[in-house]
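Written below as structure tokens is the structure these notes are about.
Each value in this text was obtained by applying a stated rule to the coordinates, not by laboratory testing. As the structure is a prediction and not an experimental result, all values here were calculated from the model. Positions of Cβ are generated from backbone atoms using ideal geometry, with glycine treated the same way; all protein chains shown enter the neighbour counts.
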Protein chains: 2
Amino acid sequence: MNAEIISVGTELVLGQVVNTNVPLLAKTLAKLDIAAPYQVTIKDERQQIEDAIEAAWRRADLIFVCGGLGPTADDVTLKSTAAALNTSLTTDQKHWQWIKQVFKRRQIKLLNENIQQARYLTGGQPLANPAGLALGSWYSTDGRVVVVLPGPPAEFKAMLEKSVEPRLVATFGSGQRIASRTMNFLGRPESTLMEEIGEATKKFSQVTVTSYVQPSRIQVRLTVPDLSASKAERVLGATADAILKVDRQYFFGFGDNCSLVNQVVSLLKKQGKTITGAESLTGGMFQSTICSVPGASNVFNGGFVTYAAGAKEKLLGIAPEVIDQHGVVSAETARAMAEKSREKLDADFGLAFTGVAGPDALEGQVAGTVWLGLAIRGQQTQTKLLHLAEYSGRQEIRNLSVQYGLQMIYQQLRE
Amino acid sequence: MNAEIISVGTELVLGQVVNTNVPLLAKTLAKLDIAAPYQVTIKDERQQIEDAIEAAWRRADLIFVCGGLGPTADDVTLKSTAAALNTSLTTDQKHWQWIKQVFKRRQIKLLNENIQQARYLTGGQPLANPAGLALGSWYSTDGRVVVVLPGPPAEFKAMLEKSVEPRLVATFGSGQRIASRTMNFLGRPESTLMEEIGEATKKFSQVTVTSYVQPSRIQVRLTVPDLSASKAERVLGATADAILKVDRQYFFGFGDNCSLVNQVVSLLKKQGKTITGAESLTGGMFQSTICSVPGASNVFNGGFVTYAAGAKEKLLGIAPEVIDQHGVVSAETARAMAEKSREKLDADFGLAFTGVAGPDALEGQVAGTVWLGLAIRGQQTQTKLLHLAEYSGRQEIRNLSVQYGLQMIYQQLRE
């Protein structure tokens, strides 16, 4: 079954607001196994709305018309939808009484136009609005369903969850069983990773593998349709195992919302360990990222931002010869920063970042050249050289440095 | 003239990501007086892409096809666009050589598929990608223009600004003459600010005043249409002056891209002054924000992240009695942190942050309670108490703390 989503709003068309309603609706539909392969955004204009509904009518069984249910003159969605469907509007008298009471209680002047918000498509059913004034509409005809929803995100979300989703399930069922698992990777180019994964999962012909590149990770989604729950879990588990045999070193966790920093803080907490840092090009971003996790105080007491060479010497006590001989951007400087920070705060791990954020080169090294150092209590210090894409820009280079630093600790902690 | 925007991406259709490219493009077009009344989102599927381009062909003079330019098998945008336009693809040999060099330098295995990212529509021109690998395409035929752009937001934005917008201006002109000025404010509720501004600008009837709330500022835009350039500048200047008479203390600069941190770093540089910091709840975010500005090394050498009380004593040498007597979240602790950090690095300014990021309360103080301290060479230390909305969440509380801290320095520097 196909749905089509029509978003109505001049502010959307002009780019003044980002449309967060459509992703929310599309996710709800995907969960119910309803595809919405065609999504349109148009202005608050009667003819355009009518045309869009008629075009959708030819393509889809389920049509959503979202936005433009306010009381002002430019809110023409409901009228235009009624015209396209050859029906009229009915006033929900009980709801209209309620709107009048709300205005009285809030001491706001009621306008005649507000009655529009108590109307719905004649022949259909009104949808309650748990977070605002305007009713929605649910309208069935000729084997098709048209749903009209309000535009403000809080109202849209509330009506979707409370009124629309239950009706969709009741009307179309909860969809075929699709099971999926998301795996997160860092440090492998997408094309290489997908080639390796393709090779490793060749024999799992029921599993669809897709990838999605985000700024600080590649998400790989494994999907199986048409299997019983226990069988699906077994197949997904075996597929994931086959992938981990090849790409474990880049893998950092399952789940759509998994992040390296959450993994690291949670492992540190579990193992009763603490961390500190000394940051040059990242300038505090690593420590700030650690502190973004609630409960970071269990694993992090504090640390150093040593941007200039002088601060590396003054705050950490690094011998000037180390920097003079090897340069600021060097394994030796990263090692010294990591070790000194760890010692000074008596932490289990000390992580150091030194490199070239750009746009200019430094000591003859191009932007994107970064040394990481990881000092570990009772073990040898590790260093790692990154060549990040210089064209990706200063913030991206700093951000990726933090992510690769977190990965170094993660790999150590999960051993 | 009408444009149509086609977004391609299965992850968009499934609602897995929010589309921020389209609003950006729509805003650019609106500035040039080009309408984009019809915007479509479809899957990475050859037939759907071809159909969408053909439908757009009937409605629009300028067609944008965005996303799906990666090297993997599901990236079919360029091929499908070529098919819809009855053309083929040309490889930009110079760009292909460059891609090969990038992979070599970064020690990543190059795949045959990567050559796709060096291709563009035959008969058109390649568009440089300042932030990634894949070329875009600009293709003119039969009085229509088709533009193909990459999906990753950083690449999309960079290509739009550097390559597409200048070509649009050159091809279609810069639209009608509208003069505008943007003013940036922090620290006043939008409704209060706009009420004061409305009162102050009453007599400038030609000027339209609109406001736009962003996470770390309120942008107020003054617009005058249909005036000569010099007259427009005069009217906008007089209006801005009238606003500054009332709201100067919340104002921090003109321009759409103005940010407090850029203002602060630029004023510090101009005045030959340096800054450091000691951060508790912000955990390095203030210093990292300073380091986000290229050339920060002129004004910042390093500083301290003192998350736990112990680190405040150990790294800064704050007397335990200060914290014991007044608590971690207090004017006295903020003052001591600011002064000690400034002294230790011999900087002109030392800025300290201590407070409750939440979600839990601390020392009986609710999330959002934050003390800032600003130590100034040769002057009295200033402290400031913030009550940020606890419901706004941990990251927003930390981020706003940084912005209010920057505002304290800004107000000091612009005196």
Original post:
Points 7 angstrom from Cα along the Cβ direction at A:Gln93 and A:Arg105: gap in nanometres?
Top reply: 2.2
Original post:
In which sequence would B:Thr208, A:Thr72, B:Thr41 go, from the one with the fewest C-beta neighbours within 10 Å to the one with the most?
Top reply: A:Thr72, B:Thr208, B:Thr41
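Quick check on segment A:260-413: of the DSSP beta bridges with both residues there, what percent are antiparallel, nearest 5%? Don't jump to the answer; show the numbers that get you there.
Numbers: 14 of 22 bridges.
So the antiparallel bridges amount to about 65 percent of the total.
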Original post:
How big is the Kirkwood radius of segment B:260-413, worked out from every pair of different alpha carbons and given in Å to one decimal?
Top reply: 15.1
Subject >> Separation of alpha-carbon centers, segment B:316-362 and segment A:319-334, rounded to whole Å >> reply: 32
**OP:** State the Cα centre-to-centre distance between segment B:147-192 and segment A:232-311 in whole Å.
**Re:** 36
Subject >> Calculated over chain A: convex hull of Cα atoms, volume per residue (Å³) >> reply: 201
Subject >> Anchor B:Lys104: lysines whose Cα lies under 25 Å away (excluding residues fewer than 8 positions away in-chain) >> reply: A:Lys384, B:Lys94
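Could you tell me which of the pairs A:Lys312/A:Lys344; A:Lys269/A:Lys312; B:Lys273/B:Lys314; B:Lys27/B:Lys203; A:Lys312/B:Lys314 are separated by over 20 angstrom between their Cα atoms in the structure shown? Display every interim value, and only then the final one.
Values: A:Lys312/A:Lys344 13 Å; A:Lys269/A:Lys312 29 Å; B:Lys273/B:Lys314 27 Å; B:Lys27/B:Lys203 30 Å; A:Lys312/B:Lys314 17 Å.
Result: A:Lys269/A:Lys312; B:Lys273/B:Lys314; B:Lys27/B:Lys203 exceed 20 Å.
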**OP:** Could you give the DSSP H helices of chain B that reach 27 angstrom or more along their long axis (alpha carbon positions) and whose average Kyte-Doolittle hydropathy is no lower than 1.0?
**Re:** none
**OP:** Pull up the cross-link candidates among the lysines for A:Lys202, meaning alpha carbon to alpha carbon under 28 Å and not fewer than 8 places away within one chain.
**Re:** A:Lys31, A:Lys231, A:Lys245, B:Lys43, B:Lys79, B:Lys109
Original post:
In segment B:70-120, what trypsin sites (Lys or Arg not before Pro) fall in a loop by DSSP, with at most 13 other Cβ atoms inside 10 Å?
Top reply: B:Lys109
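Using the count of nearby Cβ atoms within 10 Å as a rough guide to exposure, how do A:Leu267, B:Leu315 rank from fewest to most? Walk me through the numbers on the way to the answer.
Working: A:Leu267 16, B:Leu315 24.
The order, fewest Cβ neighbours first, is A:Leu267, B:Leu315.
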**OP:** Can you tell me the relative contact order of chain A? Whole percent, Cα pairs under 8 Å, sequence separation 6 or more.
**Re:** 10
Original post:
With a 10 Å Cβ neighbour count serving as the proxy for reagent exposure, in which order, fewest first, do B:Phe254, B:Phe300, A:Phe103 appear?
Top reply: B:Phe254, A:Phe103, B:Phe300
